[in-house]
Amino acid sequence: MGYLAVVASRWGRRAGLATVAGVTCGLAIYLIAAVAGLGEAILRAPSLYAGLRWTGVGYVLWLALETWRGEAETSPGHARPRSRPKSGRLFVRGALANLLNPKAAVFYIALLPGFTNPDRGDPATQALALGALHIVISFIVHSTIVLAAGRARPLLAAWGAGSKRRRLDHAFALGLVVIAAWLACETSRPL
């Protein structure tokens, strides 16, 4: 969510919504994989789960490094404020952010089946309906964050010039490092 806010505050609502579309696509892929039974294979194979986990941690650290250096859209203080990345690139980054998040896989694989009831119909259909509802709610929440951050864009642009902007970049980069550490610790054991 922080990444979405940074993208929207840096490059505007359109860029933020492109990223939301990628995040939403990542959730949809995990939902389909979970219903097809593919996601459970990740949780049952420790090496696959560990690979997903550490790739996700590495991706967040990579975003932190880019932010620290001010070289990518993850940073509100990018050196070229007018150069907005293409929507396709933002879409891919949003999708990757979710696909490399083992917590998203665990959510669909471990929690969703607990809300289905075989006596009330096909569990796969129920899981798809519940997952689709989750995706719609996530889309609304993420879009709201983007719209709010987009409105704050002029304030951040006025406040964050020069060394203030670099400090903001560095603070956000350190926040991403904390998130990577949290992801590494929190996902150390699958459910």
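Just so it is clear, none of the values below were taken in a lab; they were calculated from the coordinates. If you're wondering where the values come from, they're calculated on a predicted model, not measured in any experiment. Cβ: placed from backbone, ideal geometry, glycine included. Neighbour counts: every protein chain shown.
A simple spin-label model places pseudo-atoms 7 Å from Cα toward Cβ; at Ala171 and Asn117 they are separated by 4.9 nm.
Peptide packing: for 114-120, 58-64, 14-20, 45-51, the average count of neighbouring Cβ atoms within 10 Å per residue gives the ranking 14-20, 58-64, 45-51, 114-120, highest mean first.
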